[in-house]
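First comes the structure, then the notes that go with it.
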Amino acid sequence: MAYEVPPLPYPFDALEKAIDAQTMQIHHDKHHQAYVDNANKALDGTEWADRPVEDVLRSIDSVPENIRTAVRNNAGGHANHSFFWEIMGPDGGGEPSGDVAAAIDDAFGSFSALKEQVTQNGVTRFGSGWSWVVWDGSGLQAYSTANQDSPLMEGHVPVLGVDVWEHAYYLRYQNRRPDYLGAWWDVVAWDAVGHKLASARG
Ligand code: MN
C-alpha cells in the first residue's frame, strides 16, 4: 500500500508553547504530504513499494540507483516526520525518568549534558537536517544528519529527534534556530520517547 501521512495526534495549536499552529499545519499537511507523494512516485512499480518505510531506509543501499536519491530524501522525510509528530505532545516537557533517564545518564552523564549536546548538534548542522538521539544497539548516541537522512540508514534506531529545517521554525523564530531548539524541549513527550527506546532495545 502506498504511504500516507498519519493524522497529527493532537490539534495544530497543541504545541504553541514551542511551535505555532500555522507552522504545524503547513509542516504536516504540505511538507510531510510532499515527502509522501514523492516517495510513492519514486517507489511505484518497484518491489520496494509495499515495504514498510523503515525497511526501505535500512536497506537504502540495495534500492535501485536510479531512484535511490529520491527514496533517500522522500522516504527519509516520511519516516522522520512521522517519528517527529509522535515524540512531541501538548503535555510534553520536563525531564525524562525511569529507563530513559538511566540510558541518558549512562551515555551522557546527565540530562542537562544530553540536552546541551542535542541542541548544539542542531544549532551547528549547516543548512537543513535533524538532530538525533539514537539507540546504536548497545547504548544511546547523539548526532545530526543532513537533509532527510535517517539514522535507520546507519542501522541505528531513533529515540529522540528534532527537525532543524527552516520550514520547522521560520514563521515564529526566523533565523533564530537556537531559540526554537531551546523552546522545543517543552514539547518533548518523554513517555513516547520511552516507548521508542523500549522497542529499539527489543
Ligand atoms: Mn520538516
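The values are calculated or read from the model by the stated rules, or taken from the named source; none is laboratory data. Here the structure is a predicted model, which is why all the values come from computation and not from measurement. All Cβ positions, even for glycine, are placed from backbone atoms using ideal geometry, and neighbour counts span all protein chains on display. These accessible areas exclude ligands, DNA and RNA; they are computed on the full protein's heavy atoms, side chains included. Shrake-Rupley method; radii C 1.70, N 1.55, O 1.52, S 1.80 Å.
At a glance:
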{"read-out": "Any hit, region 79-98, residues being of a type in the set (Ser, Thr, Tyr), part of a helix (DSSP H, G or I) and either touching a residue at least 12 places away in the same chain (Cβ under 8 Å) or open to solvent by less than 30 Å² (accessible area, probe 1.4 Å) (or both)", "value": "yes"}
{"read-out": "Candidates Ala34, Ala49, filtered to the one that is of a type in the set (Gly, Ala, Ser), within 15 Å of the ligand (Cβ to nearest atom) and open to solvent by 10 Å² or more (accessible area, probe 1.4 Å)", "value": "Ala34"}
{"read-out": "Options Arg72, Arg68, Arg58: the member that is under 14 Å from Ser150 (Cα atoms), charged (D, E, K, R) and within 16 Å of the ligand (Cβ to nearest atom)", "value": "Arg72"}
{"read-out": "Ala42 buried (at least 17 other Cβ atoms within 10 Å of the Cβ) and touching a strand residue (DSSP E or B) at 6+ places or on another chain (Cβ under 8 Å)", "value": "no"}
{"read-out": "Hey, Val118 buried (at least 22 other Cβ atoms within 10 Å of the Cβ) and within 16 Å of the ligand (Cβ to nearest atom) or not", "value": "no"}
{"read-out": "Residue count for region 143-169, restricted to those that are open to solvent by 70 Å² or more (accessible area, probe 1.4 Å) and touching a residue at least 60 places away in the same chain (Cβ under 8 Å)", "value": "1"}
{"read-out": "Residue list for region 121-140, restricted to those being buried (at least 18 other Cβ atoms within 10 Å of the Cβ) and either touching an Asp or Glu at 6+ places or on another chain (Cβ under 6 Å) or under 21 Å from Arg72 (Cβ atoms) (or both)", "value": "Asn121, Gly122, Arg125, Gly129, Trp130, Ser131, Trp132, Val134"}
